[in-house]
Amino acid sequence: MGFISDEKLIEGMYNPSSGALEILYKRHFPMVNRMVIKNSGSENEARDIYQEAFIIFYEKLKTENFKLQCQARTFLYSICRNLWLKKLTEKKRFPAITNESETFISVEDSILEAEDRENDFIKLQSALNLIGEPCKGLLEDFYMHQKSMEEISIKFRYTNADNAKNQKYKCLQRLKKLFFNQSKETESYEA
């Protein structure tokens, strides 16, 4: 299954068997985790904040007149940031945050950074689809499914793990070329 947009996942959230809620939940946690850890928190605190924010997000989506005016990650990030600021103030880790720019990374910068990463991810997914088999399967098995070179050599019928490793390197070079060609095409359209 390829990359599913947040919009499609939000549509699927109302069907509990679709798994959309879980995918959406997992997709944006790393961004919130980084924000909390960079700002005097722990991964456990990030999980608590994210869980609370996700419940708020879900409840808002169920509200009859609510229309999401931004991307899901932007909305979730904003909720998490506000909850984390509140928690820090309660814990008195900072007296009162008067100048957030000194203490927190800018929301706008974080959102732009997250959008850049998502755009890169979409380009990477597209390049991965263009690369074809066996490269796509080999790279997915190694990087996404954390399979060993030994397992990959057996699955793809290479004579040994070293041959599989060489093939992985060649596939990675082809993927990089496709990825950067897409980036150049995007830049030429934007110019």
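The values are calculated or read from the model by the stated rules, or taken from the named source; none is laboratory data. Here the structure is a predicted model, which is why all the values come from computation and not from measurement. Every residue, glycine as well, gets a Cβ built from its backbone with ideal geometry; the counts of neighbours run over all protein chains shown. Each accessible area value is taken on the protein alone, full model and side chains, heavy atoms only, with ligands, DNA and RNA left out. Shrake-Rupley method; radii C 1.70, N 1.55, O 1.52, S 1.80 Å.
Here are the numbers:
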quantity	calculated
Filtered residue count, the range 47-85, keeping only those that are over 13 Å from Tyr25 (Cα atoms), in a helix (DSSP H, G or I) and of a type in the set (A, V, I, L, M)	4
Residue check, Glu52 free of Cβ contacts under 8 Å to residues at least 60 places away in the same chain and surrounded by 14 or more Cβ atoms within 10 Å (Cβ to Cβ)	yes
Given (1) under 21 Å from Ser5 (Cα atoms); (2) surrounded by 13 or more Cβ atoms within 10 Å (Cβ to Cβ), index of the condition Lys87 fails	(1)
Long-range neighbours under 9 Å by Cβ, at least six apart or interchain, first residue farther than 9 Å from Phe179 by Cβ and open to solvent by 50 Å² or more (accessible area, probe 1.4 Å) within the range 123-134, second in a helix (DSSP H, G or I) and modelled with pLDDT under 75	Leu130/Gln182
Candidate set from the range 150-191 (those that are assigned to a loop (DSSP other than H, G, I, E, B) and at pLDDT 90 or above); member that is most open to solvent (accessible area, probe 1.4 Å)	Arg157
Residue within the range 81-90 that is within 13 Å of the chain's Cα centre (by Cα) and at pLDDT 80 or above present	no
Checking Ser106 against (1) at pLDDT 75 or above; (2) open to solvent by less than 50 Å² (accessible area, probe 1.4 Å), the condition it does not meet	(1)
Residue that is modelled with pLDDT of 85 or more and either closer than 30 Å to Asn129 by Cα or open to solvent by 70 Å² or more (accessible area, probe 1.4 Å) (or both), where the choices are Met1, Met31	Met31
Filter pass, Phe142 being open to solvent by 90 Å² or more (accessible area, probe 1.4 Å), out of contact with any His (no Cβ under 8 Å at 6 or more places or on another chain) and modelled with pLDDT of 75 or more	no
